[in-house]
Amino acid sequence: PQTSLSQIPDLKNIASLDLNVYESEHVWPRAFFVEGVSTYETLPELVSLVKGSNGHPFVAVEGSETARHPQLASLLKQQNDQPAIAAFDYKLTNNTTSFKIAAPKSGVVALTEAYLLDDFRVTVNGKPDHYFRVNSAFKGILIPRAGDYQISFVYRPRFFTLLLCISAVGIAVLIFCLAVLSRSSFASSASHV
């Protein structure tokens, strides 16, 4: 049996038109740090975690992520009452999200922006790092120890450089063709004079 969204705590039905619109009483930060990580295997399990969170931010990873990132094993536990720590000092551009976070210990930072495999470059304190999927839709990075961190996500699609090169070749071919056409039309008009 499906649960209607009106039965989920902290959601208020705003409108029921051709689309049901709900409002949450709690707002998650754009980026936050948590000490513990939950796991799920199916989306209904993730939905259960969302329902059980009482609107508080948390990080959950699909079980297969733990195999790809063995460092997560030490962070696995059920959701706890440790509050999430919000990031601060955001700097947002059209393709970059940067922020700072003060981590009290090892854990995970979640950025609630869409996860796309290999389409972002992430740096932590200026050094390249890796990100992974959290909460089915967002990006997460491991924080190895307590400290202050400057984190930047830069959107750069994985084939961006290749596509730029192809575009440059296309423009060069277009210019060459226009030059050849203009010479041939100039030569044919000169021969008619």
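Since every read-out is calculated from the coordinates, none of them should be taken as a lab result. Just so it is clear, the model here is predicted, and its values are computed rather than measured. No Cβ is skipped: glycine too gets one built from the backbone with ideal geometry, and neighbour counts run over all protein chains shown.
Structural remarks
- A Förster distance of 22 Å, applied to the separation of the beta-carbon atoms of Arg156 and Thr112, puts the FRET efficiency at 0.65.
- Rounded to the nearest 10 degrees, the inclination of helix 43-52 to the longest alpha-carbon principal axis of the chain is 50 degrees.
- Spacing of the modelled spin labels on Leu174 and Ala146, each 7 Å from Cα toward Cβ, amounts to 5.8 nm.
- Put simply, the chain fits an ellipsoid with semi-axes of 48, 24, 16 Å; these come from the alpha carbon gyration tensor as the roots of five times its eigenvalues, largest first.
- Its relative contact order, with pairs defined as Cα atoms under 8 Å and 6+ residues apart, puts the range 5-155 at 24 percent.
- Paramagnetic reach from Phe88 in the range 119-156 [backbone N under 13 Å; point 7 Å along Cα→Cβ]: 148-149
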